[in-house]
Amino acid sequence: AHWRTRYHDDFDIREVTEALKTMKASHTGALIVFSRDADLKSYVDTGDPVDAEVSKRLILSIFHKHSPLHDGAMIIYKGRIKAARCVLPISENDHLPPQFGLRHRSAVGMSENTDTLIVAISEETGRLILTRNGKYLRGLKLRQVEQKVMEYLHKEEPEKWDILPPEPEREETSELKA
């Protein structure tokens, strides 16, 4: 009975963070929507169905600038990449930083309109933002992004979402031998 209380569609979040690391370094624009509870059918229908396992290679392939699927958003739901090239609503918030382009404004807009968590990477700067409920975080380390995504998926988000989490402790790589 215990297994029912956990997020029932886990995937290896490192596949996503490794892809994010590569895309940040290569200034590859990306927009990834994580949905915990809703299938987002109306948004999925604006793009192309994928329905595939989450993997670094597939994420990189989809967002590669010569891929026909690279424009728009990828939606991850129930541990699978449901669709790519999806159209998201654009935020009309006048207080967003002027350097936020369409991709970042779409990430904020989607978070204002749905119960989702969105990652956006700028093609111009390689900068990453994370958005939720119309709020955004920038300057996160990948370990912090990973932590925020997992908190969202497992319904363990802190009350003040936009306060930066402390960086998770690094696991010791060497064990003491007796």
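Taking the conditions exactly as written (part of a loop (DSSP other than H, G, I, E, B) and either farther than 16 Å from Lys24 by Cβ or at pLDDT 95 or above (or both)), does Ile59 satisfy them or not? Please lay out each step first, then the result.
Numbers: part of a loop (DSSP other than H, G, I, E, B): no; either farther than 16 Å from Lys24 by Cβ or at pLDDT 95 or above (or both): yes.
Against the criterion (part of a loop (DSSP other than H, G, I, E, B) and either farther than 16 Å from Lys24 by Cβ or at pLDDT 95 or above (or both)), Ile59 does not qualify.
Can you tell me which of Ile81, Ile75 is farther than 17 Å from Thr28 by Cβ, open to solvent by less than 10 Å² (accessible area, probe 1.4 Å) and of a type in the set (A, V, I, L, M)?
Details: Ile81 fails: farther than 17 Å from Thr28 by Cβ.
Answer to the selection: Ile75.
Please verify whether region 7-25 includes one or more residues that are modelled with pLDDT of 95 or more, assigned to a loop (DSSP other than H, G, I, E, B) and either open to solvent by 40 Å² or more (accessible area, probe 1.4 Å) or out of contact with any His (no Cβ under 8 Å at 6 or more places or on another chain) (or both).
no
Within region 41-51, can one find any residue that is in contact with an Asp or Glu (Cβ under 8 Å, 6 or more places away or on another chain), charged (D, E, K, R) and surrounded by fewer than 17 Cβ atoms within 10 Å (Cβ to Cβ)?
Going through region 41-51, the residues in contact with an Asp or Glu (Cβ under 8 Å, 6 or more places away or on another chain) turn out to be none.
No.
Which count do you get for residues in region 75-94 that are touching a helix residue (DSSP H, G or I) at 6+ places or on another chain (Cβ under 7 Å) and in a strand (DSSP E or B)?
6
Any residue in region 84-98 that is touching a residue at least 40 places away in the same chain (Cβ under 8 Å) sitting within a Cβ distance under 6 Å of a residue that is exposed (fewer than 10 other Cβ atoms within 10 Å of the Cβ)? List the pairs, counting only those 6 or more apart or interchain.
Going by the 6 Å Cβ cut-off, there are no qualifying pairs.
Got a number for residues in region 97-115 being of a type in the set (A, V, I, L, M, F, W, C) and either surrounded by fewer than 16 Cβ atoms within 10 Å (Cβ to Cβ) or on the phi > 0 side of the Ramachandran plot (or both)? First the steps, then the outcome.
Step one: of region 97-115, the residues of a type in the set (A, V, I, L, M, F, W, C) are 100, 102, 107-108, 110.
Still in the list and also either surrounded by fewer than 16 Cβ atoms within 10 Å (Cβ to Cβ) or on the phi > 0 side of the Ramachandran plot (or both): 102.
Number of matching residues: 1.
The values are calculated or read from the model by the stated rules, or taken from the named source; none is laboratory data. Quick caveat, the model's predicted, so the values are computed rather than measured. Cβ atoms come from the backbone with ideal geometry, glycine included; neighbour counts cover every protein chain shown. Just the protein is used for accessible areas: all its heavy atoms, side chains included, with ligands, DNA and RNA removed. Shrake-Rupley method; radii C 1.70, N 1.55, O 1.52, S 1.80 Å.
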